[in-house]
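What follows is a short report on a single structure.
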Amino acid sequence: MLRIKIKMKSVVYYLIVITIFLFVISEGIGDGPVLAIASVMDNLKIKYVFLAFSIFLCLGLSFNGSVISLPSLFKHEYTNFFKSLISLTLITIVLQCINGFRAFSYYQLAYLYIPLIFAVFVICYAYDNLDSILNLSFIFLIIAFICDNVSYLNISAVKMINFATSYSPFETGNCFLFLCLEVYFLGKFGRKNWKSILSLILTILTFKRLDVIVGIICFAIVPIIKEKKVPRWLFWGTVIFFCLIPFGMELFYSKETAAFLQSRFGIDMFELTMRRSMRAAIALDNRDKIKYGYGSVTHYLSEYFSAKADKFNLHSDVLRIYLDCTILGTILYTFFSFLAVKESIMSYIIMLLFFIEMIFNHPLGAGCVGNWIIIYTIIFSFNLEHYTGNGSISHRDKDDI
């Protein structure tokens, strides 16, 4: 029986690794000779086949008689993550009871639930291999980076990076993942480890301006604060700050602000925000049509620009959640997300980075499922170390994993 259990854990481990590889390749490659293969993989949804098989396998392994036994080591984390998503779901249901049913909301919500469900039933099952999974994820991301930029890997291309215009020939959405892995390696090994240094270099090369700045700051301060606790003032200050951000963005993207900047300083809001202001202004001016809960902004912008599918996103998920699910949705999603990571300062930093990313970008939903699998794995790894002191199960809930 023990041998069978060990073999099944190995099967789960390899399924996780293959699933993450498929997500990284299909979501992280937008150019280069492998693009055609990545597109075929994406269209065939092979990654979701492996993801679903992994979940069903772990569900079967979790059955205890007629009752499913959920892993309890990370119960604090995943219950609060579920509460954050359920909050958006319930608000969506209420809004649709008032304004009419729209199926697109539930498709959009599914992309939030899928990686969390995968994390609970699969990642938790492989708790003793989290670091190995993340090391392989880093390698997969490097492979995707090379495949994506094989034509530009030279010194001349590096010299083309321009911070002022936020341009890099290597720019990719994986920049944020390299930033998160940089924090992970810094927390585990410090500044002198080659993975910490390489992940910072890749963050700079893949060049999202904000991520580069944050990456350099993290390289300096993370090794200093990694043993600290999350103080109460930081928790509440963070929650309040991100709940107020949508109001600041609403003011920033207003016509009055655009007119003021243009008349006083000659600044074009359209160019300043790299075209983000146009989509935000359209969404803010048509709030009466954004009334069906989560996904309403994306659906409306897609219809407005005559896109074929719900792919015209607002470049701010903080503002999008506010417009989709009201200020109540913003408060609940923010509160439960940070409550989930309050046990470890390193996990808290990862969530803080994610919310900063959400101010200016769109890291939620379709195309980011693989990102979230890696982010949940990083959080669980940090919290495992926090609970046990060394990253291995020694005294907490052995029998429930």
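What follows draws every value from the coordinates through simple rules; no lab data is involved. Nothing here was measured: the structure is a model prediction, and the numbers come from that model. Neighbour counts run over all protein chains shown; Cβ positions are idealised from the backbone, glycine included.
Things to note:
- Helix 75-99 axis, angle to the chain major axis (alpha carbon atoms, nearest 10°): 40 degrees
- Cβ-placed point charges (K, R +1; D, E -1), dipole of the chain about Cα centre in debye, nearest 20: 440 debye
- Ordering THR79, THR238, THR203, THR172 by the number of other Cβ atoms within 10 Å of each residue's own Cβ, fewest first, gives THR79, THR238, THR172, THR203.
- Charge sum, other residues only, whose C-beta stays under 10 Å from ILE379's C-beta, Lys/Arg counted +1 and Asp/Glu -1: -2
- Listed pairs LYS188/LYS229; LYS47/LYS208; LYS226/LYS342 exceeding 18 Å between Cα atoms: LYS47/LYS208
- Helix-only arithmetic for the chain: the sum of -39500 (n - 2.57) across DSSP H runs with n ≥ 4, divided by the residue total, places the mean residue ellipticity at 222 nm at -23000 deg cm²/dmol.
- Highest to lowest packing among 360-367, 189-196, scored as the average C-beta count within 10 Å: 360-367, 189-196
- Three-way shape call for the range 213-263 based on the alpha-carbon gyration tensor, with the a/c threshold at 1.5: oblate
- Among GLU303, GLU256, GLU343, GLU250, the order by Cβ neighbours within 10 angstrom, fewest to most, reads GLU256, GLU303, GLU250, GLU343.
- Relative to the current alpha-carbon distance between ALA366 and LYS229, full extension at 0.36 nm per residue lengthens the span by 46.0 nm.
- Cα shape, the range 156-256, gyration tensor, a/c 1.5 rule: oblate
- Net length available on complete extension from PHE247 to ILE98 is 51.2 nm, with 0.36 nm assigned per residue and the Cα-Cα distance removed.
- Sequence of LEU141, LEU319 once ranked by neighbouring C-beta atoms within 10 Å, starting from the fewest: LEU141, LEU319
- FRET efficiency, LEU261 to ASP288 (Cβ-Cβ, R0 22 Å, nearest 0.05): 0.25
- The shape of the range 1-141 comes out oblate: with a ≥ b ≥ c from the C-alpha gyration tensor, a/c is at least 1.5 while a/b does not beat b/c.
- Between ASP128 and ILE216, the contour length at 0.36 nm per residue exceeds the alpha carbon distance by 28.6 nm.
- Cβ-based charge dipole, the chain, positive-most Cα from ILE349, GLY266, THR172: ILE349
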